[in-house]
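Notes to accompany the following structure.
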Amino acid sequence: METLNIESLINDLALILVLGAIATVIFKLLKQPVVLGYIVAGFIASPHFDLFPSVASEANIEFWAQIGIIVLLFSLGLEFSFKKLVAVGGSAIVTALIIVVGMMGLGFVVGKGLGFGAVDSIFLGGMISMSSTTIIIKALTDLNLRQRRFVPMIFAVLIVEDLFAVLMMVILSSVATGQNVAGGEMVNSVLRLSFFLVMWFTVGIFLLPTLFRHLRRIISDEMLLIISMGLCFLMAVFSVGSGFSLALGAFVMGSILAGTIEAERIERIVTPVKDLFGAVFFISVGMMVDPGVIASHAGTIALLSVVVIVGMIVFGTFGMVATGQPLKMAVQSGFALTQIGEFSFIIASLGMTLGVLDDDIYPIIVAVSVITTFTTPFFIKQGDHCYALLERALPQSWTRLLNGYSAQAAQSEATESHRVWNTIAKRYALRVLLYSVVAFAIVYFSRTALRDLLIRWLGPQLGAWTGIVATLAVLSPFLYAITRPSIKRHERETLENEVGRVSFVPIVVMVLLGLVISTGFTMAVLYRYAVLSSQMSLLLAIALVLMIALLFAPFYRKRVARLEQRFIGNMNVRENRRTGRGTNLVSDLHVAYILVGSECPFVGERLRNANLRQRYGVNLVNIQRGGRHFPVPSGEMRIFPGDLLGVIGTDEQIQQLLPLVEAGEQPQPSAPDNVRFTHFTLSEHSPLVGKKLANARLREDFESLLVAVQRGDDNYETPTPDFEFLTGDVLWIVGDPKRLKALH
């Protein structure tokens with residue numbers, strides 16, 4: 001058994017970290033990305049540089065670098081989230097797809113022209129198709145261009161490119177292991193990946209936010225770090241067990257945790273770990289730089305640098321124009337994407353690990369990355385000049401055509417009914433996809449594990465029927481959900497107002513499609529247990545599905561609605577906490593938690609001078625400052641950057657307040673647990689009955705704020721100091737529920 005040389009491992013780690021620290025300080029002073037400093041440090045520590053001591057074993061660095069890839073992908077997942085992907089819109093997705101496909105094709109052609117093999121050329125195309133998020137953000141910040149109109153679109157494209165990069169790693173792994181580009185193998189890999197992503201996304205969103213919500217009071221930063229990194233590596237293990245890479249599992253878990261209420265806190269406490277192991281990874285990249293190889297391939301490096309710059313400009317601009325963006329924004333975006341970075345190194349490392357990438361390609365791609373990193377600020381600044389030249393050079397008819405196309409694409413010509421039906425169809429397709437994945441997982445587990453276990457315990461007949469009944473009992477709520485399209489009340493009213501009635505043809509089509517899918521899952525359970533023939537299995541499956549869809553609909557409707565409500569609430573928990581959506585408690589009021597940014601207009605003012613109620617109509621019920629909570633703060637308290645304000649108001653009032661308070665926003669702390677917007681009914685024994693509000697001392701003795709009093713079903717009163725409490729009043733109040741029990 002081979003033993004690990006601990007002393008050698010520590011010596012190598014000490015060397016590369018010291019060199020990395022020195023190099024990053026120098027590059028920071030030179031106002032260059034620290035990633036380049038890590039690469040330089042790696043080159044100095046490599047055997048290719050004789051003036052300094054070299055690492056004793058590159059295998060030691062490879063060990064740390066693999067951990068670095070996992071942590072980097074986990075951190076990227078934390079910044080990603082599937083909800084953010086939906087939010088960026090189709091324009092960013094199509095633009096990123098055009099760039100990735102175009103650059104991969106261009107890279108493959110150039111690679112073949114340079115004499116590379118098919119697999120090397122495919123990997124080369126993948127490496128030059130991904131722009132660097134880190135470098136672009138750094139360049140835009142240094143140039144003070146973060147507020148330009150084209151920047152949000154670039155960030156949206158980069159988000160989508162991150163997902164494409166993860167998909168590409170899976171496809172390239174399949175291509176590499178088979179040493180071919182078989183279409184069937186690639187389709188199989190994409191389908192397996194899709195199932196893996198949807199399954200773990202569904203399970204993760206359903207379970208993890210609920211878990212964190214229940215454990216928030218007892219989880220310290222130390223515990224949260226252990227839990228999050230444990231989940232990261234656990235998902236990496238599951239990913240490998242499913243036939244994918246460690247990095248994919250880490251990315252998936254990061255994207256799942258990005259939707260939880262603790263996402264910002266996890267991102268904050270994981271950052272030092274990411275910085276440490278990320279630095280080791282980029283240093284390991286620098287160790288692959290061989291000056292001899294670079295000198296002998298100087299022409300190839302120059303050619304690939306030109307290909308990256310020109311290709312990104314062309315495909316980036318074309319992608320933006322094709323999706324309806326104005327020509328100026330398209331040109332500016334294309335010129336900002338002219339570099340490759342971290343994902344290029346990760347893809348190259350994948351190829352080296354699999355043993356399918358030529359050793360010379362790694363230092364070549366590193367050199368191309370270094371060159372394009374240095375040229376990025378120059379090309380960003382040239383975007384406006386090139387647009388001006390292009391505008392003068394293009395015929396006016398072309399300019400009018402492009403601008404007209406952009407304006408037309410920004411406006412939807414579809415009728416309101418078409419938009420409603422599109423929304424219904426998309427929602428149904430998403431529900432069918434999610435429920436089908438869960439149903440497939442249940443059937444797969446039943447057929448592969450449960451069946452043999454029950455037959456061995458209970459015998460062939462009893463074991464088979466027990467397995468069928470147990471599987472269908474678990475499966476039936478999901479089968480019902482698949483057969484049930486959802487139309488909301490306002491959608492039905494819109495359709496009735498526009499066309500006079502709701503057409504049942506699309507609904508019937510959705511129901512029939514759901515019945516067919518559900519019948520397929522049911523028959524898969526019945527037939528696999530080999531109790532019935534295929535004809536009997538089909539007939540029984542149809543009968544069972546019809547019973548579930550018709551007879552048991554009332555039983556399953558409420559349960560499925562609760563499942564969906566919990567899932568949607570978990571998926572939107574961060575946004576709901578920020579805006580207060582989903583927390584309506586009285587009339588149209590709800591509670592929201594808003595972080596005070598450094599540029600908030602009333603930072604430093606006393607609450608009495610901020611006049612939040614008079615200006616914006618909201619009530620301030622809590623301030624969290626660091627680890628301290630100030631329920632129902634007095635008018636003398638001041639507001640500072642980083643405070644978390646708990647406010648109550650209508651949706652319109654909160655939306656008006658959000659951009660002002662969050663100006664210059666920082667990472668959000670967690671919302672408090674001991675302050676809630678709640679309600680209770682006054683009994684005849686309540687100490688408040690018969691008292692006036694002015695004498696109730698709610699703020700002084702209970703640190704609470706009375707928002708409204710309900711008398712009758714829909715009669716809500718805003719209490720004045722002379723308001724007298726009566727038995728049966730429903731108090732809508734903010735405070736600590738435990739302390740408020742004394743008032744019931």
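The values are calculated or read from the model by the stated rules, or taken from the named source; none is laboratory data. Please read all numbers here as calculations on a predicted model, not as lab measurements. Glycine gets a Cβ as well: all are built from the backbone with ideal geometry, and neighbour counts include every protein chain shown.
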Matching option when the condition is at pLDDT 75 or above, of a type in the set (F, W, Y) and closer than 30 Å to F378 by Cα, among F238, F233, F164
F164
Among the listed residues A671, A742, which satisfies the condition of being more than 30 Å from G604 (Cβ to Cβ), among the small types (G, A, S) and at pLDDT below 85?
A742
Can you tell me how many residues in segment 123-135 are of a type in the set (V, I, T) and at pLDDT 80 or above?
1
Subset of segment 624-652 that is among the polar types (S, T, N, Q) and either closer than 17 Å to F602 by Cα or assigned by TED's automatic domain parsing to the domain that holds R265 (or both) - its residue that is surrounded by the fewest Cβ atoms within 10 Å (Cβ to Cβ)
S634
Residue selected from segment 417-445 under the condition modelled with pLDDT under 80 and polar (S, T, N, Q), by the criterion nearest to P506 (Cα to Cα):
N422
Counted residues in segment 311-369 being farther than 18 Å from G117 by Cβ and not in a helix (DSSP H, G or I) come to 9
Complete set of residues in segment 625-662 that are at positive phi and free of Cβ contacts under 8 Å to residues at least 60 places away in the same chain:
G626, G642
Identify, from the list T323, T338, T317, the residue that is free of Cβ contacts under 8 Å to residues at least 40 places away in the same chain and not basic (K, R).
T317
Here's a check for you: in segment 719-744, which residue that is of a type in the set (D, E, K, R) and more than 17 Å from F702 (Cα to Cα) is surrounded by the most Cβ atoms within 10 Å (Cβ to Cβ)?
D729
I'd like to know if segment 631-642 contains one or more residues that are closer than 23 Å to T678 by Cα, touching a His at 6+ places or on another chain (Cβ under 7 Å) and either at pLDDT 80 or above or among the basic types (K, R) (or both).
no
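The rows are residues; the columns are (1) more than 17 Å from L390 (Cα to Cα); (2) touching a helix residue (DSSP H, G or I) at 6+ places or on another chain (Cβ under 9 Å); (3) not assigned by TED's automatic domain parsing to the domain that holds F74.
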{"residue": "I266", "(1), (2), (3)": "yes, yes, no"}
{"residue": "S284", "(1), (2), (3)": "yes, yes, no"}
{"residue": "M288", "(1), (2), (3)": "yes, yes, no"}
{"residue": "S296", "(1), (2), (3)": "yes, no, no"}
{"residue": "L303", "(1), (2), (3)": "yes, yes, no"}
{"residue": "I313", "(1), (2), (3)": "no, yes, no"}
{"residue": "M320", "(1), (2), (3)": "no, yes, no"}
{"residue": "Q325", "(1), (2), (3)": "no, yes, no"}
Filter result for the condition that a residue is more than 19 Å from the chain's Cα centre (by Cα), assigned by TED's automatic domain parsing to the domain that holds V166 and not hydrophobic (A, V, I, L, M, F, W, C), over S255, S228, S220:
S220
